[in-house]
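Notes to accompany the following structure.
The values are calculated or read from the model by the stated rules, or taken from the named source; none is laboratory data. The model shown is predicted, which means the values in this text are computed figures rather than measured ones. Note that each Cβ is placed from the backbone with ideal geometry, even for glycine, and that neighbours are counted across all protein chains shown. Surface areas here come from the heavy atoms of the whole protein model, side chains and all, with no ligands, DNA or RNA. Shrake-Rupley method; radii C 1.70, N 1.55, O 1.52, S 1.80 Å.
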Amino acid sequence: MLFKKECKKILFSVTFLLFLFGISGFFFSQFMGDTGEAEEAPMKGLDDYGMIVKEDPDILMPAAVKALLNNYSVNTYTAYPVGFYKQVKLRDRKKDEMTDILTELTGLTRDELEKYTAPVTNSGTVNENGEFVPAAASENDTDDISVSSTLTYDRFNELMNKADKIIGGGSDYSTQNLINTFSLIPATYEDKLAEYNSLTDNDNIFTSYSRLFCDYIGIPLSILPVFICTAFCLKDKKNQMQQLIYTRKISSSRLIITRYLSVIAMTLIPAAVSMILAAIHISDLYPGNASHILTFFVLPAVWLIPAITFSSALAMLITEATSSMLAVLIQGVMWFVSLSSSIGNLTGSTKLFTFIIRHNSVYDDAAFTNTLSTFYLNRIIYFLLSAALIIACAQIYELKRRGKFYEFKGFAVHNKNKSEA
């Protein structure tokens, strides 16, 4: 009975109406807009099939080492630590650390490294026929650099990861960006046909589109529940109902958990409806595969539910602890940072604590399956954190009912007994 009442409160709230607009807007403009037509098999005989990522150490290692040395020679590195462009210049200690990395990568001494200069691009002259003639490479051009013959691929990855940390994170040399940046090769007809055949396989097509659905819908579902929870928790204070509720016999745990589950249920309903519409849409695009439509619903349950539970639990905890809208600010920053960190790599970039998981493609199955164990562990962690946060929220609520909780407001701390005396 209580659960039904709490759901009804959310259903007829302005905040929930805005939530519906946000989810439906994202669904129709992003997912439906990106899947308007079925993917077509590649045509044979084209001059260009684009680029494809292949983890080939023979291509990746020389390209990455050369790029790092070019950056080193001018002591300028580009990074996107939280999604924003940042130009980094290393100071003496960090520059020495980068020198050590490059000596191992190239097999050169420190003195030899200092002699090399980055190649000058777009430099040259125009001859009498009006043709551009590039300037000759300098004697110490980095194009002459090769990878050390004793360097293994595993050690190469370790050194590149260390270089990324020295730069500050978010560079082309990070684990999640390295392959996509330096291992691009021209795709062939056979490559594209293999991708297409993998997508249209009966067991894979709904899974691939389900992954794309989760990518798009996971973005609003990771932030919009915060507004519902915050408004819900502050409603009692606004209506001056706190003291009346505090005197009721219902336990704090039951009240908080019931409210929490009602938020989860009401946010899941629009997500489920959009999921059903998406599955029907994909079955219309590929009518011969309709018998496998149920596979579309497996991944969202694992991907999206922990995002909703964690976002809602953290919002309720912060709001009950502060009696303010601080949760909107805190989680807004978390959401923005998590979303921005994926800009450089929208496929296969899942880490253990990645909050907003991205895979913005119906292709690149290998990039996702290679991190599948991390993906599952990530979602389990956020689900368990959700449980811990809501238990903590119930404890705080119980202390507030007893007048023993010290409420945080800005930088001051107020005892509930004193503030209500």
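Taking interchain pairs and intrachain pairs at least six residues apart, which have beta carbon atoms under 9 angstrom, with the first residue in the stretch 66-79 and touching a residue at least 24 places away in the same chain (Cβ under 8 Å) and the second open to solvent by 30 Å² or more (accessible area, probe 1.4 Å) and in a helix (DSSP H, G or I)?
Once the first residue is touching a residue at least 24 places away in the same chain (Cβ under 8 Å) and sits in the stretch 66-79, its partners that are open to solvent by 30 Å² or more (accessible area, probe 1.4 Å) and in a helix (DSSP H, G or I) give 66/143; 67/181; 72/95; 73/114; 77/71; 78/71.
Where in the stretch 278-396 are the helices (runs of 4 or more DSSP H), entirely inside, with at least 3 residues that are open to solvent by 60 Å² or more (accessible area, probe 1.4 Å)?
Answer list for the stretch 278-396: 326-340.
To keep it simple, each residue is scored yes or no on (1) in a loop (DSSP other than H, G, I, E, B); (2) open to solvent by less than 60 Å² (accessible area, probe 1.4 Å); (3) touching a residue at least 24 places away in the same chain (Cβ under 8 Å); (4) not aromatic (Phe, Trp, Tyr).
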{"residue": "20", "(1), (2), (3), (4)": "no, no, yes, yes"}
{"residue": "49", "(1), (2), (3), (4)": "yes, yes, yes, no"}
{"residue": "55", "(1), (2), (3), (4)": "yes, no, yes, yes"}
{"residue": "61", "(1), (2), (3), (4)": "no, yes, yes, yes"}
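Determine which member of the set 241, 275 is at pLDDT below 90 and farther than 24 Å from residue 388 by Cα.
Answer to the check: 241.
From the list 61, 43, 32, pick out the single residue that is closer than 30 Å to residue 160 by Cβ and either out of contact with any Ser or Thr (no Cβ under 6 Å at 6 or more places or on another chain) or of a type outside the set (A, V, I, L, M, F, W, C) (or both).
Going through 61, 43, 32 in turn, the sole match is 61.
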